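Below is one structure; the comments refer to it alone.
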Amino acid sequence: MFKKIEIWILYFLLVIFLIVLILFGGILRHHYLGGEKFKLIQMTAKFIAEVPYNIKRIVLLLDDQGRYFLDESQKFKEKPKSKIYNDERIDGLLLLSRYDGDKDKFIVEVVDLLNYKTIHTYTPNSKELINSVNIQDNYKKFDDLKKNLSYQRLFTWHPFLDGNGDVIFNSASPLFKINFCSNLVWTNDEHSYHHSIEKGNEGNYWVPSILIPSMIDDEYYKNYEGDEGISKISPEGQLIFEKSVTQILIDNGYRHLLFSQFTYSSDIIHMNDIQPVLEDSKFWKKGDLFLSLRNLSMIILYRPSTNKIIKMLRSPFFSYQHDVDIIDNKTIHIFNNNLFNTKKGQKVFTNSEIISYDFELDEYSKVYNKTLKKHDVETAFGGLYQKLNNGSFMIEEQEHGRLLIFNNKQEIIWEFVNKSRDDKIYALRWSRIIENKEIIKSFKELIKEKKCTN
């Protein structure tokens, strides 16, 4: 039925296959090291190498149903969706950014913390937002946009509520602003933005970004595809300042940190928070920025006006951290994921933590640690912490879909677990509490006056 093949032909074909395999690997290595030659061949090899990965993505997207944001551990499945522990209340609004497993999409619920009732819900129109992006002219920036931002995969990262009831957010994507009725106000597609959105002292917004093409003026990194940036955006959505974090490190004599990785990576820095300084102190000036660089386990105090790193914090006390907050005129707090790479993979040791650093004493300490251990707070990726004016604080466990609010005595007030009707737990994505009295008042007036038809 089958013809016999001469053994020498089989060996010959095997040798040819090995030569082609070696050449293919060499081309891929040349590509990922930023090589300039054989661009067409590089892109062809890259396309072929990514076929299995892209097939997997297509299959997952065809039957997504929220699996992308599902907590596979279902760690808190025995807990109720919402539990009030005592009568203590906070005069604030919670912007609860969560995947709604019943609607199969991300929403932002505004929760009145005086009664834990949802008083308004933002439901972004994914199709409208994606169609507002100029993908054709920004293909390289957003080549994965339509694949990632399906109706179910667009998420509302760290939503920021302004005084008009508008909300700004990103989805590892362009920056979007929607109004009270969830209609699109503007889109900024200058870059792909991610993680935190914070308001600076001039009324502009600071957001981490991915800079494509790279802005690095350095022979070793001129083709670097993972250039992290800091971007300042006006209230009208205009990009008014940008700077490469890689370049900041190089300019300040820290090039060696970029080469400290054992393997080449396009995610050497992984910036996840920009915290603007709003008031002068002995240790910083208004307009400075605290930058959290996760993959370097590093916090930087950076002065944009002079392009100088004022202080660099690297400590055995924190590892793969998210979120840095200014507590007073000499203290910052860091949400420490406490994640480490081991032979058995990445692991959170004991629990996630809040690390306090005192600039005056040059000392680190752990705060609330007994409380966090007691309540089994542990999130490997994402997550954040917010301390309130009265000493209360909020913890969000991103991938486990849990949010906790404690009073200033470290007693739990409220616990929320992001469950669907079928009791599956889905992720949160950087919620925040609004304490500004004027914004709270104006927002509640909006609810009384404004009616949405969509």
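The values are calculated or read from the model by the stated rules, or taken from the named source; none is laboratory data. This structure is a prediction, so every number in the text was calculated from the model and none was measured. Heads up, the Cβs are rebuilt from the backbone with ideal geometry, glycines too, and the neighbour counts pull from every protein chain shown.
Looking at region 90-112, which of its residues are out of contact with any strand residue (DSSP E or B) (no Cβ under 6 Å at 6 or more places or on another chain), surrounded by 15 or more Cβ atoms within 10 Å (Cβ to Cβ) and part of a loop (DSSP other than H, G, I, E, B)?
Of everything in region 90-112, those that are out of contact with any strand residue (DSSP E or B) (no Cβ under 6 Å at 6 or more places or on another chain), surrounded by 15 or more Cβ atoms within 10 Å (Cβ to Cβ) and part of a loop (DSSP other than H, G, I, E, B) turn out to be 90, 104.
For region 175-188, enumerate the residues that are under 16 Å from residue 232 (Cα atoms) and out of contact with any Leu (no Cβ under 8 Å at 6 or more places or on another chain).
175, 186
Can you tell me which condition residue 230 does not meet? The list is (1) among the hydrophobic types (A, V, I, L, M, F, W, C); (2) in a loop (DSSP other than H, G, I, E, B); (3) at pLDDT 95 or above, and all the others hold.
(2) is the only condition that residue 230 fails.
Regarding residue 337, is this residue among the polar types (S, T, N, Q), touching a residue at least 40 places away in the same chain (Cβ under 8 Å) and crowded, with 16+ Cβ neighbours inside 10 Å?
Yes.
Any residue at all in region 341-350 that is surrounded by 13 or more Cβ atoms within 10 Å (Cβ to Cβ) and modelled with pLDDT of 95 or more?
Checked region 341-350: no residue is surrounded by 13 or more Cβ atoms within 10 Å (Cβ to Cβ) and modelled with pLDDT of 95 or more.
When residues of region 192-216 are filtered for being more than 19 Å from residue 127 (Cα to Cα) and part of a strand (DSSP E or B), how many remain?
8
Listed residues 211, 258; which is in contact with a helix residue (DSSP H, G or I) (Cβ under 7 Å, 6 or more places away or on another chain) and at pLDDT below 95?
Just one listed residue meets the conditions, 258.
Residue check: is residue 150 part of a strand (DSSP E or B), among the small types (Gly, Ala, Ser) and either surrounded by 13 or more Cβ atoms within 10 Å (Cβ to Cβ) or at pLDDT 95 or above (or both)?
no
Restricting to region 402-433, give me the number of residues that are touching a strand residue (DSSP E or B) at 6+ places or on another chain (Cβ under 9 Å) and more than 17 Å from residue 351 (Cβ to Cβ).
Adding up the residues that qualify gives 20.
When the residues of region 105-129 are filtered to those that are more than 19 Å from residue 402 (Cβ to Cβ), modelled with pLDDT of 90 or more and of a type in the set (D, E, K, R), which remaining residue is farthest from the chain's Cα centre (by Cα)?
The qualifying residue farthest from the chain's Cα centre (by Cα) is 117.
Does residue 382 satisfy being closer than 21 Å to residue 369 by Cβ and at pLDDT below 95?
yes
Does region 368-375 contain any residue that is of a type in the set (Ser, Thr, Tyr), over 20 Å from residue 328 (Cα atoms) and not in a strand (DSSP E or B)?
Yes, because at least one residue in region 368-375 is of a type in the set (Ser, Thr, Tyr), over 20 Å from residue 328 (Cα atoms) and not in a strand (DSSP E or B).
Hey, does region 298-307 have a residue that's more than 19 Å from the chain's Cα centre (by Cα) and on the phi > 0 side of the Ramachandran plot?
Within region 298-307 (the criterion being more than 19 Å from the chain's Cα centre (by Cα) and on the phi > 0 side of the Ramachandran plot), the answer is yes, since at least one residue qualifies.
Identify the single condition in (1) closer than 30 Å to residue 443 by Cα; (2) at pLDDT below 85 that residue 132 does not satisfy, given that it satisfies every other one.
Of the numbered conditions (1) closer than 30 Å to residue 443 by Cα; (2) at pLDDT below 85, the odd one out for residue 132 is (2).
In region 97-106, which residues are more than 16 Å from residue 166 (Cβ to Cβ) and in contact with a Pro (Cβ under 9 Å, 6 or more places away or on another chain)?
If the condition is that a residue be more than 16 Å from residue 166 (Cβ to Cβ) and in contact with a Pro (Cβ under 9 Å, 6 or more places away or on another chain), then 105, 106 are the ones that fit.
Could we say that residue 450 is touching a Phe, Trp or Tyr at 6+ places or on another chain (Cβ under 9 Å), exposed (fewer than 13 other Cβ atoms within 10 Å of the Cβ), of a type outside the set (Gly, Ala, Ser) and more than 25 Å from residue 71 (Cβ to Cβ) here?
Spelling it out, residue 450 is indeed touching a Phe, Trp or Tyr at 6+ places or on another chain (Cβ under 9 Å), exposed (fewer than 13 other Cβ atoms within 10 Å of the Cβ), of a type outside the set (Gly, Ala, Ser) and more than 25 Å from residue 71 (Cβ to Cβ).
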